[in-house]
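> Attaching a single structure in structure tokens format; questions to follow.
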Amino acid sequence: MKTDWLSVFSRAVSALMRRGCRSEQDAEDLVQDAYVRLAQFSKEKTVDHPEALLMKIALNLSIDAHRALLVRGEEVSPEDVVIVDGRPSAEDVVQSREELAQVGECLAQMNERTRSIFLDSRVEGMSYNEIALKYGISRSAVEKHISKGVMLTALWMEDV
């Protein structure tokens, strides 16, 4: 009796897909590998039910592939890789430079003491107490200088 291998392959692929094979292409590859192994085995021994043996080999290969995936992780082909450029766009760079220039102009409009206290707080990350000790003023005076700096910066950025 002649075996209809196309029908057998189709049923084997369908069975692998039902068992959780990731794609039809993967299932077809496993069935092809199973057929090669069946052909090699049948050279040495007589196979009474080649369709059943093909299915068993394909299922075992599927299990092995799943275990390998769990151990090694998912393989990614170079075609599937999307390279994301983390750099800002040219527009973002230009806009950031313009905003930085605006902030620079704003800082230039502040009196020197307010600017120094504001920058010590916002840029250097100094606490109000550290700034008060540095300049020999009260914490309340530091708060007033920083509030003035924040207000001037907000007003300047609104106007620009």
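The values are calculated or read from the model by the stated rules, or taken from the named source; none is laboratory data. Computed from a predicted structure; not experimentally measured. Here the Cβ is made from the backbone with ideal geometry for all residues, glycine too, and neighbour counts use every protein chain on show.
> Name the residue that is nearest to the chain's Cα centre (by Cα), counting only residues in region 119-160 that are touching a residue at least 40 places away in the same chain (Cβ under 8 Å) and assigned to a helix (DSSP H, G or I).
Applying the filter and picking the extreme gives M157.
> Checking the structure you have, find out if any residue of region 1-12 is touching a residue at least 12 places away in the same chain (Cβ under 8 Å) and either under 30 Å from K134 (Cα atoms) or not in a helix (DSSP H, G or I) (or both).
Yes, region 1-12 contains a residue that is touching a residue at least 12 places away in the same chain (Cβ under 8 Å) and either under 30 Å from K134 (Cα atoms) or not in a helix (DSSP H, G or I) (or both).
> Step by step: first the residues of region 61-99, then only those that are surrounded by 10 or more Cβ atoms within 10 Å (Cβ to Cβ) and of a type in the set (A, V, I, L, M, F, W, C), then the one that is nearest to E158 (Cα to Cα). Which residue is that?
V94
> Out of the residues in region 5-53 meeting the condition of being surrounded by 10 or more Cβ atoms within 10 Å (Cβ to Cβ) and among the acidic types (D, E), tell me which one is nearest to the chain's Cα centre (by Cα).
D26
> Kindly list the number of the only condition in (1) in a loop (DSSP other than H, G, I, E, B); (2) at pLDDT 85 or above that fails for V84.
If we test V84 against (1) in a loop (DSSP other than H, G, I, E, B); (2) at pLDDT 85 or above, just (2) comes out false.
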